[in-house]
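Let me begin by presenting the structure, written as structure tokens, before commenting on it.
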Amino acid sequence: MDKKRVGRQSNVWYGYGYRYVMPQVATLKFTAAKNGGTTSGNQCYATGRPKASYISLDRTGTDHLVLGEYCNTNNGGTSPGRVATYPMTALTAAVEGATGTAASADLAYGLPTGATFNGEALWHKIQGVTRYEGKWYFHRSNGYDNGRLLQATPGTVDGTSQLVGNAKTLESAFGPEDLYLAHGRGDGFPPQLWSLSEHTPSKCGACKREVYSYNMAEVISDFG
């Protein structure tokens, strides 16, 4: 293993196992006022500091970091979660700037509401997010059973800017987690939507810890 590399380089994937310490390259500071509610059961709130849980990159236009919250609305709270985008130029300036320099999000949305799945809210327990050509894609966990891949588009709900969920859902792996879009720019490969699963075989008979991908053109077509 080359400990100086991470991610896909020359079509070879590099990563860190538990033997190695993950490098810390920056700290993001959220400047919104702290909410007063408990978060011990993964509750989330519509205001206050976000509970950053997963990130990805959107490179289909100006490079952005995409960030979201993991929330369990069964345990209370006032929000199924929020997502936001941060221009990479702003993040770079914050990292290289003076102590206390903060980068602000240029877009932020609450997750859709109303849809259900297996008798509970569909739009919570989100484990991963990415944005591609203006559409947002999410991985929704489902315990030790198949999760779902979701799609949403920015819109207006009751006068508020919010993501509007596609009525279709696509079946995903057991324990689906983060999403990453390998856009294929410069390497000749078609865009692939990558993810990984979190549960080990000791947790359920059909579970595996694996990295896998979807053909992005097929994902877009399946959502219609």
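The values are calculated or read from the model by the stated rules, or taken from the named source; none is laboratory data. Keep in mind it's a predicted model, so treat the numbers as computed, not measured. Cβ: placed from backbone, ideal geometry, glycine included. Neighbour counts: every protein chain shown. Accessible surface is based on the protein model in full, side chains and every heavy atom, while ligands, DNA and RNA are left aside. Shrake-Rupley method; radii C 1.70, N 1.55, O 1.52, S 1.80 Å.
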Taking first residues from the range 155-169 that are within 10 Å of F223 (Cβ to Cβ) and second residues anywhere that are surrounded by 12 or more Cβ atoms within 10 Å (Cβ to Cβ) and of a type in the set (V, I, T), the pairs with Cβ under 8 Å that are 6 or more apart or on different chains are N166/T153
Pick out the one residue from Y137, Y212 that is more than 20 Å from S53 (Cβ to Cβ), at pLDDT 90 or above and of a type in the set (F, W, Y). Y212
Which listed residue is open to solvent by 60 Å² or more (accessible area, probe 1.4 Å), at negative phi and among the basic types (K, R), from R59, R140, R131, R82: R59
Condition met for G184 (more than 19 Å from Y54 (Cα to Cα), open to solvent by less than 40 Å² (accessible area, probe 1.4 Å) and free of Cβ contacts under 8 Å to residues at least 24 places away in the same chain): yes
Say we look at the range 117-128 and pick out the residues that are open to solvent by less than 30 Å² (accessible area, probe 1.4 Å) and of a type outside the set (A, V, I, L, M, F, W, C); which of these is nearest to L65 (Cα to Cα)? G128
Answer yes or no as to whether D158 is acidic (D, E) and open to solvent by 80 Å² or more (accessible area, probe 1.4 Å). yes
Part of a loop (DSSP other than H, G, I, E, B) and in contact (Cβ under 8 Å) with a residue 60 or more places away in the chain - does that describe any residue in the range 66-82? no
Does E171 meet the test of being open to solvent by 40 Å² or more (accessible area, probe 1.4 Å), farther than 20 Å from Y109 by Cβ and touching a Leu at 6+ places or on another chain (Cβ under 6 Å)? no
Is it true that some residue in the range 217-224 is open to solvent by 50 Å² or more (accessible area, probe 1.4 Å), out of contact with any helix residue (DSSP H, G or I) (no Cβ under 6 Å at 6 or more places or on another chain), of a type in the set (A, V, I, L, M, F, W, C) and farther than 19 Å from R140 by Cβ? yes
Given the conditions (1) in contact with a Leu (Cβ under 7 Å, 6 or more places away or on another chain); (2) exposed (fewer than 14 other Cβ atoms within 10 Å of the Cβ), which single one is not true for R209? (1)
Can you say whether A102 is part of a loop (DSSP other than H, G, I, E, B), touching a residue at least 40 places away in the same chain (Cβ under 8 Å) and open to solvent by 20 Å² or more (accessible area, probe 1.4 Å), as far as the supplied structure shows? yes
Looking at the range 117-132, which of the residues that are part of a loop (DSSP other than H, G, I, E, B) and modelled with pLDDT of 95 or more is farthest from the chain's Cα centre (by Cα)? L122
Would you say G114 is open to solvent by 50 Å² or more (accessible area, probe 1.4 Å) and not in a strand (DSSP E or B)? yes
